[in-house]
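Read the structure below first, then the notes.
The values are calculated or read from the model by the stated rules, or taken from the named source; none is laboratory data. Everything quoted here is computed from the prediction, not taken from an experiment. Please note: Cβ atoms are built from the backbone with ideal geometry, for glycine as well, and neighbour counts cover all protein chains shown.
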Amino acid sequence: MSQDVYICYDVNDQEVASRICNVLEKNELSCWIKSRDVGANDIIEASDNAIENSHVMILIYSKYSKDSNIVNTEADLAFGSDVPVLIYKIDDTEFGGGFPFFIDDNRVIDAHENVESKFDELISILSVLVKQQKDKKRSLSYIIKKHKKPIVIAIALIVVVIAGIFAYMNFVQHAEDENTVPLNPGDVKINVTDFHVDDVRKKGYSWNYSYFVGGIISPEPVGKYVVSCDFYDKTGNLVNTTETEISDIQRVNDGYLLGSDVSGTKDITRVEVNLLDAKNRVIAQGEAEL
């Protein structure tokens, strides 16, 4: 779960932290604060998760937080998680330790004279920072940066899958090539024994004609061969072509259904059947007329 603001403080400043939390949430800035939100969870794990899922951290700086290992650790984690840190100074303690590293002139509010006197300024600055962070996290570059590792893993998996698909396709192609018996023109004969028009035409449906071609191929080719049927009209023009792999051709009695074409024309009068190899060479040929 994400929130707008993570409130970082030393336990001695808990009362101030609670007041700040109340005023921020009254102004529609959601907060995470240890005294309320840890619950039964491990405090370190809960705090770390909350920092990483916050848009901004407000660090309550005082004589107590200056030397607090917990506060310093949380500030380090915010910096490492690209979470902006806004320092709210509640006493006149000078900055020391590692804090100067985090200080930006625009991200320090000095409220040591009166803690509540700078609440309006605090709300205004936090609202701007939260909006900036939300806009930033919507950008593609931030998403890629934030999730670089899983994105890289996903891309790697995609590459592996694609490589596997190509390897499988090459394997299948190689297997098909190995199982193909080389044939030369004349090694196989095609005898077209049937070329007719389906009865649909005879029933008067002039818009639909089905042409069927049957015949015998001997001997039956083994491997990657294609049967091509070219349909011609009465003027000799090519109307349509069907192509079927030899392994998919339907057996009809002692022969084969070499091809069929459903067309809107009734002028088909001749069919030419060709057996083609993988190099598109014509191995055998047959033809018939209606």
## Note on the structure
Residue hits (the stretch 228-250; over 41 Å from the mean Cα position of the chain (by Cα), in a strand (DSSP E or B) and of a type outside the set (A, V, I, L, M, F, W, C)) are 230, 232, 233
### Summary
Residues of the stretch 214-229 being in contact with a strand residue (DSSP E or B) (Cβ under 7 Å, 6 or more places away or on another chain), of a type in the set (A, V, I, L, M) and without any contact (Cβ under 8 Å) to a residue 60 or more places away in the chain, in sequence order, are 216, 226, 227
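Any residue at all in the stretch 200-220 that is within 38 Å of the chain's Cα centre (by Cα) and either modelled with pLDDT of 80 or more or loosely packed, with under 10 Cβ neighbours inside 10 Å (or both)?
No, because not a single residue in the stretch 200-220 is within 38 Å of the chain's Cα centre (by Cα) and either modelled with pLDDT of 80 or more or loosely packed, with under 10 Cβ neighbours inside 10 Å (or both).
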### Message
Six or more apart or on different chains, Cβ atoms under 9 Å: show the pairs whose first residue is in the stretch 114-138 and touching a residue at least 12 places away in the same chain (Cβ under 8 Å) and whose second is polar (S, T, N, Q) and assigned to a helix (DSSP H, G or I).
### Response
125/106
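Taking only the stretch 209-242 into account, find how many residues are out of contact with any Leu (no Cβ under 8 Å at 6 or more places or on another chain) and not β-branched (Val, Ile, Thr).
So the answer is 14.
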